[in-house]
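One structure below.
The values are calculated or read from the model by the stated rules, or taken from the named source; none is laboratory data. Because the structure is predicted, anything quoted here is derived from the model rather than measured. Please note: Cβ atoms are built from the backbone with ideal geometry, for glycine as well, and neighbour counts cover all protein chains shown. Ligands, DNA and RNA are stripped out before the accessible areas are found, and what is left, the full protein with its side chains, is counted by its heavy atoms. Shrake-Rupley method; radii C 1.70, N 1.55, O 1.52, S 1.80 Å.
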Amino acid sequence: MIIRTPPPLAAAALSLVALKLVTHVATNIWTPYEFHRDALLYMAMGTHLRMLHMDFPPLIALLSETVRGVAGASLFAYRLVPAIAGTAVLLLAILIARELGGGRRAQLLTALAVLINPLFLRSANLFQPVVLDQLWWLLGVYALARLENTGNAKWWLLLGVAGGVGLLTKFSILFFGLAVLIGLLLTPYRRSFLGPWPWLAIGLALLLGSPSIIGQITLGFPVLDQMEGLQQGQLARIGFVEFVSDQFLVQPAGFLLAIAGAVALLLHPDLRRYPLLFAAGAVAIERTTRVRLRAALSWGAATAIMLWSFAVPFGLPVVPPEPMARYSAAIGITTAVRTNWGEYLPLPQDYADMLGWREQAKAVARVHRTLSPERQAQAVLYGGNYGEAGALDLYGPELGLPPVISLAGSFYFFGPGERAGEIIIFLGVEPDELDPITCRSLELTDRVTNPWGVPEERDVPVVVCREPSMTPQELWERAARGEVD
């Protein structure tokens, strides 16, 4: 086997790696937005951490508790995690371009394609599994590239690590694993399965990812219900043609580079071994643009700066809601402000989901303080959805609030707690939505308004139920029997 020595790392590309990290750190310091709805859920998963009994892969919850233990529930500290992961994504993309034989231009073009992409910008600013999923996919691709170029079988172990931590992060890593398996079986690499290394990689991946697998088994595979809900809801509103057109509208430079990469992977013998489109496209362009290099780089840099300026407000939450809404309307790209459910908002959905949570918790605290000390000791909080429940779980302790319960999503698996709940304060539940619970007295005490939030968070009720007809424990029993949604 011919061992290929990759070109040197380009200093210009590495400077963009540093720029990305600095950009995200600065955003986390000056952002006018608060925690994202999903981050509230993952933080609550951390406070209810049970590594072998969780409906989602537990790495994000474990990271949450690690951050909380080191730096407290700080927005900056939590968002530093995706900032570092997103920076590592950019670095790996450059390293993969290098492994493909890409020199300075290819590495720089790959770096620019990732850096100016609003989707990569935003994922690296959200405490969610998405950016970690991207990281493990690229780590796996890098392991394959090193395996091909060096012939060192120990790179199989890094591939196994990528699969294992990927399984601890999101089940979408299974698509990567299946694609790699099919690719290996359809190439001469299938002979590798006669030796121990691929099997060691598979075993390592299953061992590292075993908490996710065990959690699914013990809870009856909730991922199937999650996928069914996703298919019937969000995915049902986006067809293939719409998905492809959205990619071009949101990331035109990256989309065109990916098309070039796909063509290069199909036609160029040296690139057929590799699956990463941005890097492959950059290498192909480098090999076919030997003339007028300085002019091409100058135009490329100018275009990148223009696209960066356009993308930053959509990729990083730095513009306050009102001017951001005006900017979104002026640009007119409705894809950027369309929700997962097909609605259109003044702001990108992720930004709308970063507003109003502390105010909701404060409203509940005001109601809770009107109760006598005896009543406060009996009270239970209930969140209507996982964002509202997560806000109470995060902000509740500093506001002197009791624990929150909810049947929404993962909160159902956290259980009803031990309080009898002679008083229940509902957040995000209208009085006429309390079936099957009846109350001796029911009072709508407050409404929390937020004009920039997603529709269900713009006018949120706070309701007090006194002497409910069933305890939280009885409600959970009925939910377990399927009698309550």
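The order of the peptides 444-456, 44-56, 372-384 by mean Cβ neighbours within 10 Å, most packed first, is 44-56, 372-384, 444-456.
Taking the accessible area of the range 357-450, probe 1.4 Å, and keeping the other protein chains in place, the carbon and sulfur fraction comes to 48%.
Site pair residue 187 and residue 483 shows an inter-label distance of 5.8 nm when each label is modelled 7 Å from Cα along Cα→Cβ. Here residue 459 and residue 213 are evaluated by their C-beta separation; at R0 = 51 Å the FRET efficiency comes out at 0.75.
Pull out a ≥ b ≥ c, the square roots of the eigenvalues of the alpha-carbon gyration tensor of the range 1-50, then state rounded if a/c is under 1.5, prolate if not and a/b is larger than b/c, and oblate in the remaining case.
Verdict is oblate for the range 1-50.
Anisotropy class assigned to the range 370-485 is rounded, per the alpha carbon gyration tensor with a/c under the 1.5 cut-off.
For the pair residue 175 and residue 398, label points projected 7 Å from Cα toward Cβ lie 3.7 nm apart.
Note on residue 438 and residue 466: the extension gain reaches 9.2 nm, defined as 0.36 nm multiplied by sequence separation minus the Cα-Cα distance. Computing FRET efficiency as 1/(1 + (r/R0)^6) for residue 9 and residue 449, where r is the C-beta to C-beta distance and R0 is 35 Å, gives about 0.10. Averaged per residue, the range 61-104 has 33 square angstrom of accessible surface, using a 1.4 angstrom probe with ligands and nucleic acids left out. Using a probe of 1.4 Å, the accessible surface attributed to residue 344 totals some 130 Å² when neighbouring protein chains are kept in position.
Tell me, in nm to one decimal, what length is gained between residue 413 and residue 340 on full extension, where the rule is 0.36 nm per residue of separation less the Cα-Cα distance?
Between residue 413 and residue 340, full extension yields 23.8 nm more.
Mean sequence separation of contacting Cα pairs (under 8 Å, at least six apart), scaled by the length of the range 310-402, corresponds to a relative contact order of 21 percent. Spin-label model, residue 26 to residue 76: label points 7 Å out along the Cα-to-beta-carbon direction sit 1.6 nm apart. For a label point 7 Å from the Cα of residue 227 along Cα→C-beta, name the residues of the range 196-216 whose backbone N is under 19 Å from it. Within reach of a label on residue 227: 206, 209-216. The aspartates and glutamates within cross-link reach of residue 170, meaning a Cα-to-Cα straight distance under 17 Å and a gap of 8 or more places when in the same chain, are 38, 55, 133, 225, 228.
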